[in-house]
Amino acid sequence: MKRREILAGASALALAGCAGEQQECAAGDAGRSYTWKMVTTWPPNFPGLGTGVSRLAKFIEDASNGRLRIKVYAAGELVPAFEVFNTVSRGTAEIGHGAAYYWKGKSEAAQFFTAMPFGMNALEMNGWLYYGGGLELYRELYAGFNLVPFPAGNTGVQMGGWFNKEINSLADLDGLKMRIPGWGGEVLKRAGGTPVNLPGAEIFTALQTGSIDATEWVGPYNDVAFGLHKAARYYYYPGWHEPGPVLECIVNQQALEALPNDLQTIVELACSAINDQMTAEFTARNAQSLEQLKAEGEVELRPFPNDVMKQLRGLTDEVIADLVARDPVAARINESFASFRKTVGAWTKISEQAMLDSRSL
Ligand code: CA
């Protein structure tokens, strides 16, 4: 309810004056129509991510009976993928879709709101964000950038990535140049590798030409769509670095405040709906694409060795401890994140995990 109060308060503020091209700006003006530009970090109509965003835009238009129209721009159409945050922050576009860990150059703490290696899965992340204090911290952090964030999609646990050599020990990561964003990249660096952050659309060519040795992207559904299985032999699991990454909608604060309450609520509800729908889509399509990959028989599926996972977990603890020591905002968010993970972990262990284990007894 707190969020609703924040939004309601914001609407009241909007009554005091609306700038820019908005002529009539009384909140609650039911006859007024709005057109927003939406910039995204995804390739045009990319399966799951781009299509999910198009669905989000359609939800908002349909639910508002056309009073709030969203014109979606794929990465590079209006601005490059990694300019989404700045563009919405400035208000050049009113809304954007991407992932918080792309903005670690703005605030390293933003990464908590996408994924921490060995952190929480999709169910647990939603628990933390909606009912564990996570969303309040997320909003507080982004308020400093003139943005209101909404969780708007979750891929579920990702794959570990594509490699052209076997990973048998941590030493096999030494010297490896890999596309891996966020803290996963920091962990790779501590293992002697070189992390690279490339937008999705550039990954295939980089891998095929050898300008990177390895890459992670999402999971079978999205990875096959890029043809990554044609550029690497080994497909490792699980995605230790992204156990349940949250995708985000970011809305320019003034643009949101200029909307009447019902349209603000529609934006919020549409984001919440797409948050669930994307996970459902990824679950179904990843399974189908995995089946297809296996049937083609050209890719070797491999689990990371347990020793490698344990060492990567140790390096993750070091990365987070160093961040918390130098960044008080990150320390505060980590306190909430770590505490929730501990509590929810005890529940997950005897619920989802026990049930899943029982399927393979
Ligand atoms: Ca990824």
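Annotation: extensible slack from Q208 through Q353 equals 48.5 nm (criterion: 0.36 nm per residue apart, minus Cα-Cα distance). Close Lys pairs in the chain, defined as Cα atoms under 22 Å apart and 8 or more places apart or on different chains, number 18.
Shape summary: the range 286-361 maps onto an equivalent ellipsoid whose semi-axes, from the alpha-carbon gyration tensor, are 33, 20, 13 Å in decreasing order. Residues in the range 353-361 carry Karplus couplings, in order, of 5, 5, 5, 5, 4, 5, 6, 10, 6 Hz; the curve used is 6.51 cos²θ - 1.76 cosθ + 1.60 with θ = phi - 60°, and Gly or Pro positions show x.
Using the Cβ atoms and a cut-off under 14 Å, what net charge is assigned to the surroundings of A284, where Lys and Arg are +1 and Asp and Glu are -1? Counting the neighbours of A284, the net charge comes to -2.
Amide H to amide H, with H built 1.01 Å from N, G161 comes under 5 Å of Y236, counting only residues 5 or more places away or on other chains. Near L198, the amide H atoms lying under 5 Å from its own belong to I180; only residues 5 or more places off or on other chains count, and H is placed 1.01 Å from N. Within the chain, DSSP assigns beta bridges of which about 45% are antiparallel (rounded to the nearest 5).
In a simple Cβ point-charge model (Lys, Arg +1; Asp, Glu -1; nothing else charged), the range 196-281 has a dipole of about 420 debye relative to its Cα centre. Sequentially through the range 81-88, phi angles give Karplus couplings (6.51, -1.76, 1.60; θ = phi - 60°) of 3, 8, 9, 4, 4, 4, 5, 6 Hz, Gly and Pro residues having no value and appearing as x. Per residue, the convex hull spanned by the Cα atoms of the range 233-295 measures out at 113 cubic angstrom. The spacing between the range 301-336 and the range 163-240, judged by their C-alpha centroids, is 19 Å. Give me the Debye-computed log₁₀ of I(q)/I(0) at q = 0.09, 0.10, 0.14 Å⁻¹ for the chain, equal point scatterers on Cα only, no solvent, two decimals. Log-scaled intensity ratios, in q order: -0.50, -0.62, -1.19.
Positive end of the dipole of the range 93-211 (Cβ unit charges, origin at the Cα centre): among A122, Q158, W183, the Cα lying farthest that way belongs to W183. For the range 72-216, the equivalent ellipsoid derived from the alpha-carbon gyration tensor has semi-axes of 28, 20, 13 Å in decreasing order. The long axis of helix 261-296 is offset from the longest Cα principal axis of the chain by roughly 20 degrees.
At the listed q of 0.16, 0.18 Å⁻¹, the Debye profile of the range 118-171, built from one uniform point per Cα, gives log10 I(q)/I(0) equal to -0.65, -0.73.
The charge dipole of the chain, taken about its Cα centre with unit charges on the Cβ of Lys, Arg, Asp and Glu (plus for the first two, minus for the last two), comes to roughly 60 debye. Each Cα pair under 8 Å and six or more residues apart adds its sequence gap; the mean of these over the residue count of the range 43-161 is a relative contact order of 15 percent.
From the Kirkwood radius over Cα pairs of the range 219-361, Stokes-Einstein at 20 °C and 1.002 mPa s returns a whole-number translational diffusion coefficient of 111 µm²/s. Across all C-alpha atoms in the range 46-115, the radius of gyration and Dmax reach 13.2, 39 Å.
Using 0.36 nm per residue and subtracting the Cα-Cα separation, the extra length available between Q277 and A338 on full extension is 19.3 nm. GNM remark for the chain: springs join alpha carbons under 10 Å apart, and the peak mean-square fluctuation among V148, V324, V187 falls on V324.
Highest mean first, how do 295-305, 39-49 rank when packing is the count of other Cβ atoms within 10 Å averaged over residues? Mind dumping the intermediate values first?
On the way: 295-305: 12.8, 39-49: 22.7.
Averaged packing, sorted descending, gives the order 39-49, 295-305.
When each of the peptides 108-120, 192-204 is scored by how many other beta carbons lie within 10 Å of its residues on average, the order from highest to lowest is 108-120, 192-204.
Between the Cα long axis of helix 306-326 and the first principal axis of the chain there is an angle of about 40°, rounded to the nearest 10. To the nearest ten degrees, helix 328-350 and the longest principal axis of the Cα atoms of the chain are 60 degrees apart.
Bear in mind these aren't lab numbers, they're just calculated from the coordinates by the rules spelled out. All figures in this text were calculated on a predicted structure; none of them were measured in a lab. Because the Cβ atoms are built from the backbone with ideal geometry, glycine has one as well, and the counts that use them run over all protein chains shown.
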